[in-house]
Amino acid sequence: PSRRFSGLGSPVAQAFPNAGCRICDFDPAPRDAAVAKKIEAQSLSLSELLASADVVTLHVPLSPATKGLIDSAQLEKMKRGGILIQASRGGIVDESALAAALKSGHLAGAAIDVYESEPPPPSNPLLAIGAEAARRLPFTPPPPRVPRPPADSPFPASWSNIEKLLLRNEPPENCV
């Protein structure tokens with residue numbers, strides 16, 4: 001069975017159909033419908049998307065419309081066993097609510113490469129979720145902001161670890 005992925009980060013959305021995924025999207029800002037049509041994305045409300053997607057990837061700028069977009073109420077709407085990938089800006093996801101969703105087991109996992117405070121302070125709730133939940137939360141470096149990462153970039157290894165951990169339930173490499 002194919003998995004449903006969501007999020008309209010164009011490179012991500014263009015890559016996942018090749019893996020047999022159906023793309024759904026929600027965009028808090030008006031946009032050109034041709035973008036969604038090009039990748040055959042089904043536009044949904046945020047509630048519909050969260051309830052139906054196996055994996056939710058976030059690719060939105062931080063703005064008044066997106067600040068706190070994913071809070072405890074939104075995380076509760078996600079499918080039990082869903083995965084959240086935070087690839088936007090800090091402040092989009094309520095980190096305390098995400099920590100609680102991971103600790104409770106509601107979410108199967110999450111991947112984070114940005115935090116509300118950079119670097120995250122020791123008091124960040126994601127750094128204190130406990131060993132079992134921490135195995136389902138890889139912290140990744142943000143991808144380089146270049147069109148194609150160089151061969152020695154940490155991004156390919158980070159993405160490989162995300163796939164191993166969250167999609168294939170294999171242990172990641174090079175843990176610290």
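The values are calculated or read from the model by the stated rules, or taken from the named source; none is laboratory data. Note that the structure is predicted; figures quoted are calculated from it, not measured. Neighbour counts are summed over all protein chains in view; Cβ atoms, including those assigned to glycine, are modelled from backbone coordinates with ideal geometry. Ligands, DNA and RNA are excluded from the accessible area calculation, which covers all protein heavy atoms including side chains. Shrake-Rupley method; radii C 1.70, N 1.55, O 1.52, S 1.80 Å.
Quote the FRET efficiency, to the nearest 0.05, computed for Phe139 versus Asp27 with a Förster distance R0 of 22 Å and r equal to the Cβ-Cβ distance.
On the way: r = 26 Å, r/R0 = 1.20.
About 0.25, to the nearest 0.05.
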* So what are the ³J(HN,Hα) numbers for region 44-55, from phi and the Karplus equation (6.51, -1.76, 1.60; θ = phi - 60°), rounded to whole Hz, Gly and Pro as x? -> 10, 6, 4, 4, 5, 4, 4, 6, 10, 7, 6, 10
* Structure fact -> Heavy-atom accessible area per residue of region 42-111, all protein chains kept, 1.4 Å probe, expressed in Å², is 39 Å²
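Keeping the other protein chains in place, figure out the carbon and sulfur percent of the accessible area of region 48-147, with a 1.4 Å probe. Each step should come with its number before you reach the end.
On the way: 2650 of 4520 Å².
The C+S portion of the solvent-accessible surface of region 48-147 is 59 percent.
Compare Glu95, Glu118 by solvent-accessible area with a 1.4 Å probe and give them largest first, with all protein chains kept in place. Before the final figure, lay out the partial values.
Values: Glu95 25, Glu118 115 Å².
Greatest to least solvent exposure: Glu118, Glu95.
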* Structure fact -> In order over region 57-72: 3J(HN,Hα) from phi, Karplus 6.51/-1.76/1.60, θ = phi - 60°, whole Hz, x for each Gly or Pro, gives 10, 9, 9, 10, x, 7, 8, x, 6, 10, 4, x, 4, 10, 10, 4
* Work out from phi, with θ = phi - 60° and the Karplus expression 6.51 cos²θ - 1.76 cosθ + 1.60, the ³J(HN,Hα) of each residue of region 120-127, listed in order in whole Hz, and give x for Gly and Pro. => x, x, x, 7, 4, x, 5, 8
